[in-house]
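**Student:** Before anything else, here's the structure in question.
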Amino acid sequence: MNILVVGSGAREHTLVWKLAQSEKADKIYAVPGNPGMAELAECIEGVSITDNAALVKLAQEKNVELAVVGPEVPLTNGAVDAFHAAGIKAFGPVQAAAEIEGSKSFSKNLMKKYNIPTAKYEVFTEAEAAKAYIRAEGAPIVIKADGLAAGKGVIVAMTLDEALGAIDEIMGDKAFGSAGSRVVVEEFMAGEEVSVLCFTDGKTILPMVPSQDHKRVFDNDQGPNTGGMGAYAPAPVGTPELLAQVQKEILEPTIKAMEAEGRLYKGCLYAGLMVTEQGPKVVEFNARFGDPETQVVLPLLESDLVEVMLA
């Protein structure tokens, strides 16, 4: 079958590399792709990954039978919905389900409603109200831009001044654009982070091996958060006992919650977790394969990725 991979990063290169190992894969196209992928996929430039009509037209021209959407922006823009409407199988959540990453307030409210363990939080659209809450709660505290900010819209403030400055930066200076018109202020969670990437058909959810990425920019976990600067897997913190607890308390309840909300979630669900003294809690959900985690997790997958995606 012909496969189209949407995206251009190292994550998409890994997806192409893994898909190419399947006997079911005849020809792989990448839009826009990158030179590193060119040995395995035909890279097509000049098509915007946020232009759903152009993506569908390309898929139809190339007789694509499976589209794999890598980045969060086309997912939250409804690319999967567009492929489905054209009768093309697509791996990834539909727009309504991708909201679990597209809006942090939606994600937090979902967890609160369905008792999925996460940090205590409040949502604000007014800077002064957010600051008053921060003064009352004290530091350390975490401030998150509500919308998509390429994994960088999170500020872990260790002091009160830093936290108040973060509100000015996100809401006043619009450091992350419109993503910061609403903020989520969360309690600081202490512990070790673990990333769990999962396959789900909307009913069943299966985790891949646990991984861990390096978020803070300087050595010894110092400095501001980045979108992740490298990763390794399997992460020892993700013990079989921990993963069993995560499956029961976080993954299965989340998939059921999304279905109950009329947002059936299919594709890859990324659960970013903090292993606290009270047990694992959700830091964030992503609606796609994590980057850089995919680069270390998929090489450890022994199954045929095309078969998994079709299922």
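The values are calculated or read from the model by the stated rules, or taken from the named source; none is laboratory data. All figures in this text were calculated on a predicted structure; none of them were measured in a lab. In this analysis, Cβ positions are derived from the backbone assuming ideal geometry, glycine residues included, and neighbour counts consider all displayed protein chains.
**Student:** For residues that are over 25 Å from Pro292 (Cβ atoms) and touching a Gly at 6+ places or on another chain (Cβ under 7 Å), tally how many sit in region 116-159.
**Tutor:** So the count comes out to 2.
**Student:** Further question: Checking Pro236 against (1) touching a residue at least 12 places away in the same chain (Cβ under 8 Å); (2) farther than 23 Å from Thr76 by Cβ, which single condition isn't satisfied?
**Tutor:** In the conditions (1) touching a residue at least 12 places away in the same chain (Cβ under 8 Å); (2) farther than 23 Å from Thr76 by Cβ, Pro236 misses (1) alone.
**Student:** Would you point out the residue of region 197-227, among those that are loosely packed, with under 14 Cβ neighbours inside 10 Å and among the charged types (D, E, K, R), that is modelled with the highest pLDDT?
**Tutor:** In this case the residue turns out to be Lys203.
**Student:** Based on this model, can you work out whether Ser195 counts as of a type in the set (Ser, Thr, Tyr) and either in a loop (DSSP other than H, G, I, E, B) or free of Cβ contacts under 8 Å to residues at least 40 places away in the same chain (or both)?
**Tutor:** no
**Student:** For region 178-187, give me each residue that is buried (at least 16 other Cβ atoms within 10 Å of the Cβ) and assigned to a loop (DSSP other than H, G, I, E, B).
**Tutor:** Matches in region 178-187: Arg182 only.
**Student:** Could you please let me know if Ala166 is outside the structural domain of Cys268 (by TED's automatic domain parsing) and modelled with pLDDT under 90?
**Tutor:** No, not satisfied.
**Student:** Mind checking which residues of region 62-90 are out of contact with any Phe, Trp or Tyr (no Cβ under 9 Å at 6 or more places or on another chain) and in a strand (DSSP E or B)?
**Tutor:** Glu65
**Student:** Out of all the residues in region 228-240, is one or more closer than 18 Å to Met189 by Cα and surrounded by fewer than 18 Cβ atoms within 10 Å (Cβ to Cβ)?
**Tutor:** yes
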